[in-house]
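The values are calculated or read from the model by the stated rules, or taken from the named source; none is laboratory data. All of these numbers come straight from a predicted model, not from anything done at the bench. As a convention, Cβ positions derive from the backbone with ideal geometry for all residues, glycine included, and neighbour counts pool all protein chains shown. Protein only, heavy atoms only, side chains kept; ligands, DNA and RNA dropped before computing areas. Shrake-Rupley method; radii C 1.70, N 1.55, O 1.52, S 1.80 Å.
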Amino acid sequence: MTKYDVLRQYFGYSSFREGQDSLIDEIICGRDVLGIMPTGGGKSLCYQIPALMFRGITFVVSPLISLMKDQVMALKSANVPAAYINSSLTYNQLLKVYDNLRAGMYKIVYIAPERLEAEGFRDLASALDIAMIAVDEAHCVSQWGNDFRPSYLKIARFISSLPHRPVVAAFTATATELVRDDITEKLALCAPFRIVTGFDRPNLNFEVHSPRQKKDALIDLIRQRHDKSGIVYCQTRRNVEKICDLLNENGFAATRYHAGLDDVERVRNQEDFVYDRKNIMVATNAFGMGIDKSNVSYVIHFNMPMSLEAYYQEAGRAGRDGAPADCILLYSPSDIQTAKMLLENSDIPEDADEEFVELQRSLDYERLERMIAYCKHTGCLRGNILDYFGEEHGEECGNCLNCRTTFIERDVTTEAKKILSCIKRAKDKLGFSVGMALIVRTLHGSRDKRIGELGLDRISTYGIMSEESRSFINDVVNHLCTLGYIGKNTEYGSVFMTELANDILFGGVTVTMKFKEERRVPKSDKSASVSEKTVTDSGLYEHLRKLRMEIANEQGVPAYIVFTNATLADMAAKKPLDMGEFLCVSGVGEQKARAYGARFIKAIGEYIHGNV
Ligand code: ADP
Ligand code: ZN
């Protein structure tokens, strides 16, 4: 069988995505590879297809139990003999898997890294015909990355202990060159073929909003997407609890996930989401790695994440099936404070040496600064991300909020003068500097108790910006901070005029600022073209979705294991009425055609003839 036969027969796809075929070719020739692809880029097929073509068995090292379970379920549904070995198996189940392994019954076996050195397994492994070791999430082997797992260091030792060295294929979505090089070294890859595929995910729409009330904004955003499945990421467990309650109170079906919940609840909530019993998951970053749910149609970040890498990975969980999806970040400057606090309080291993910790810290801060820059970026958001991953791109993508937004440049010198004199007057009156919030409220003419107590309502700048909104005043103050006219005392949070400020007050220097004004351009055709080359009949789509749900329930698997949304959409467009046509639908392989073809064909026939 050629790789194309395998692609069509088992997975039901007719063409490879960027990078897949060259990685597969190299692996088949016995060369080690390092595949660097974005989340949702299609890494799994790169090792699953050679695994099906090799005579021997393939082990896939993977960091998370949930990932293994999901992948094995998907493989079995495509008629691939697969299993996993991890701590979720009982002793008897483990023995059964070992027996089957010895009998040569599996093609692909997922394994947790810490299991590689278990005595029983090592002996067994040396007697097997192992064709390939695939390493998923390979950046976990590097201390320079943001997800280091010491157990990954066992992989190289395990491989070198084997009587015959299998081909080693490593995959990651990591961005930094340092980590990419480190993977080659720590996994002892042999002159690997290395490929970095396009990190761009054209079906994802990127937006950053800085709403005054994040909660209201969130509810609005979700209301517009009430029939869709989505993830809301929060920075802290406390926020997860609050937001999940908020959404449920507002009539949405939300569940939650964070490291503070017990195992039973975590598994239950995750399954509620994956099986579409609840369509919103509110979670910390503990949720998601290994979640393959392909019909997630939006990812909203309620807080800013700690790095652009983390952001792209989390946001990238939307639209894995290629259908248009939204990645929205709700940003406020207080997110920076929270992020810094989290960095300061992050765990430091007891035996870590000082230099190492220092270095990690500075890397963390660099990553955070880059993340903040994304939130404040006024150019193309996709371009900003692709720059980070070292990828070339056009100036405007047309499928992000900033590309649909016109920025108007306004002169804000008068406003700047008012703000600066207010800072000066307040300091003259009190003898000490106050925080930004008080300055903004004074300018706005707030009747706040604290303002009265301090007597700030009796200075001449009190209320001189009462016509403006507080968020506008806030934005200008922040802008003046960025330009260096206002300084901030990091310890007390108070703001003060810098020497530069005199240039504005007395030197005739002017200040301008860019303001967003969203063009009412419909979301780019680009996003739609990805999955909807042909017109999908939405009534039929709904009809097929119900059938999919019915089948998923009968079989006790998540709906996307039956067919992904993209496959369903293609089916609703092509309207196949016999088996030959059914096999032409993207994502329909032989096994699935056999298993479900008749029912879907019947449903389509009934729909077309108006019998539903
Ligand atoms: P990754 O592991 O890189 O995050 P996956 O391997 O989970 O991504 O693939 C993401 C989705 O893309 C899956 O639903 C998969 O079936 C689909 N996919 C992968 N390769 C192809 C292809 N050549 N054609 C169409 N869909 C594909
Ligand atoms: Zn853009």
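Only aspartates and glutamates eight or more places from Lys514 in sequence, or on another chain, were considered; those with a Cα closer than 12 Å are Glu409, Asp411, Asp475.
Partners of Lys228 within straight-line reach, counting aspartates and glutamates whose Cα lies under 15 Å from its Cα and excluding those fewer than 8 residues away in the same chain: Asp220, Asp272, Asp276, Asp321, Asp326, Glu542.
Projecting the Cα atoms of Met37, Gly508, Thr405 onto the dipole axis of the chain, where Lys and Arg carry +1 and Asp and Glu carry -1 at the beta carbon, places Thr405 farthest toward the positive end. Between the amide H of Val60 and those of Val109, Tyr110, Ile111, Ala134, distances stay under 5 Å, these residues lying 5 or more places away or on another chain, with hydrogens modeled in the peptide plane.
For the pairs Lys69/Lys242; Lys3/Lys592; Lys376/Lys427; Lys214/Lys242, flag any whose C-alpha to C-alpha distance is greater than 22 Å. Each step should come with its number before you reach the end.
Values: Lys69/Lys242 30 Å; Lys3/Lys592 19 Å; Lys376/Lys427 30 Å; Lys214/Lys242 13 Å.
Among Lys69/Lys242; Lys3/Lys592; Lys376/Lys427; Lys214/Lys242, the Cα-Cα distance tops 22 Å for Lys69/Lys242; Lys376/Lys427.
Computed on the chain, with alpha-carbon pairs under 8 angstrom and 6+ residues apart, the relative contact order is 14 percent.
To the nearest µm²/s, what D does Stokes-Einstein give for segment 155-276 at 25 °C and 0.890 mPa s, using the Kirkwood radius over alpha carbon pairs as Rh?
Details: Rh = 18.9 Å.
Here the translational diffusion coefficient equals 130 µm²/s.
Name the shape class, rounded, prolate or oblate, that the alpha-carbon gyration tensor gives for segment 530-610, where a ≥ b ≥ c are the square roots of its eigenvalues, rounded holds for a/c under 1.5, and otherwise prolate holds if a/b is larger than b/c and oblate otherwise. Rounded, because the longest to shortest axis ratio a/c is under 1.5.
Secondary-structure-derived ellipticity at 222 nm for the chain, considering helices only, amounts to -13500 deg cm²/dmol, per-run term -39500 (n - 2.57) for DSSP H runs with n ≥ 4.
Over segment 204-396, what portion of Cα pair distances is larger than 30 Å, expressed as a whole percent?
On the way: 3840 of 18528 pairs.
It works out to 21 percent of all Cα pairs.
Residue ranking by accessible heavy-atom surface, 1.4 Å probe, largest first, among Leu7, Leu342 comes out as Leu342, Leu7.
With +1 on each Lys and Arg Cβ and -1 on each Asp and Glu Cβ, and nothing else charged, work out how big the dipole of segment 204-396 is about its Cα centre, in Debye to the nearest 20.
Numbers: 23 positive and 35 negative charges, 226 e Å.
Roughly 1080 debye, rounded to the nearest 20.
Lys and Arg at +1, Asp and Glu at -1: add these up for the other residues within a Cβ distance under 14 Å of Asp411 and post the number.
Details: positive: Arg410, Lys417, Lys418, Lys514; negative: Glu409, Glu415.
Counting the neighbours of Asp411, the net charge comes to +2.
For Ile300, the amide hydrogen comes within under 5 Å of the amide hydrogens of Ile231, Val232, Tyr233, Ile328, counting only partners 5 or more places away or on other chains and with H modelled in the peptide plane.
Rolling a 1.4 Å probe over the protein heavy atoms of the chain, with every protein chain left in place, gives an accessible area that is 49 percent carbon and sulfur.
Provide Met37, Met73, Met105 ordered by accessible surface of protein heavy atoms (probe 1.4 Å), highest first.
On the way: Met37 0, Met73 45, Met105 105 Å².
The residues order as Met105, Met73, Met37, largest area first.
His209 contributes an accessible area of around 50 Å² to the protein surface, as traced by a 1.4 Å probe with all chains present.
Multiply the residue gap between Gln93 and Glu344 by 0.36 nm, knock off their C-alpha separation, and tell me the result in nm, one decimal place. Display every interim value, and only then the final one.
Details: separation 251, 0.36 × 251 = 90.36 nm, distance 4.33 nm.
This chain segment gains 86.0 nm when fully extended.
When Lys and Arg each count +1 and Asp and Glu each count -1, what net charge do the other residues less than 15 Å away from Val264, Cβ to Cβ, add up to?
Numbers: positive: Arg256, Arg266, Arg268; negative: Asp262, Asp263, Glu265, Glu271, Asp272.
Its environment carries a net charge of -2.
Rolling a 1.4 angstrom probe over the protein heavy atoms with all chains in place gives the chain an accessible area of 46 Å² per residue. D by Stokes-Einstein for the chain, Kirkwood Rh over Cα pairs, 20 °C, 1.002 mPa s: 80 µm²/s. Think of the chain as a dipole: +1 on every Lys or Arg Cβ, -1 on every Asp or Glu Cβ, centred on the Cα centre; then among Ser307, Gly463, Ile423, Gly463 lies furthest on the positive end.
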